[in-house]
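S.K.: Please read through the structure below; I'll follow up with questions.
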Amino acid sequence: MRKRRTRWAVALGGAAIITASVGLATVAFASPGSGAITPVIIATGSMPTGMGLAVHPGTNTIVGQYTFGPHSSTGWHSHPGKTLVVVQSGTFTVYHDDCHAMTYGPGSSFVELPSSIHVGRNETDSNVVLGVVYFDVPIGGSPRIDQPQPAGCDVA
């Protein structure tokens, strides 16, 4: 029994060394990029909690940048899939169908679920710039689904 444990310990130790060696070899042989590459980072942001994400085959992922002028509104709507929003600049306020408001500033990010009916508003005198990623958009379809204004919520 003791001999068997020793063999397992030696085998596991050897596997760890081989794995580490292969990992180092892979890094050592990596090639650098080449040619003209110009990345454009639309926005960066963080969330206080994580987000689970499952993207379905046969759908589009759409990335957009939106600039909202002073006192503008998206109108009430929802999305066909999860939507990740990052506030690049300004202050953006989102009202959900229960009329509860959440306000997000620069560097904030949030997720809208497909079940969420909401309106986004720039309630300031300055522009707001958002980076938005829409998931699970039907091919040829819109990332936005117009919705009626909820009863009892007079925010438009």
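Each value in this text was obtained by applying a stated rule to the coordinates, not by laboratory testing. Since we're looking at a predicted model, the values are computed, not measured. Cβ coordinates were reconstructed from backbone atoms using ideal geometry, including for glycine residues, and neighbour counts include every protein chain displayed.
S.K.: Just how far, in whole angstrom, is segment 95-156 from segment 52-69 if you go by their alpha carbon centroids?
M.R.: Using only Cα atoms to place each centre, the spacing works out to 13 Å.
S.K.: Can you run phi through the Karplus equation (6.51, -1.76, 1.60; θ = phi - 60°) for segment 99-110 and list ³J(HN,Hα) in whole Hz, with x for Gly and Pro?
M.R.: Residue by residue, segment 99-110 yields 6, 6, 9, 10, 10, 10, x, x, x, 8, 9, 8 Hz.
S.K.: Right, another one. Would you mind computing, in nm to one decimal, how far apart the modelled labels at N127 and I139 are, each placed 7 Å from Cα along Cα→Cβ?
M.R.: With each label placed 7 Å out from Cα toward Cβ, I get 3.5 nm.
S.K.: How large is log10 I(q)/I(0) at q = 0.12, 0.14 Å⁻¹ when the Debye formula is applied to the Cα atoms of segment 52-114, each weighted equally and without solvent?
M.R.: Normalising to I(0) and taking log10 leaves -0.35, -0.48.
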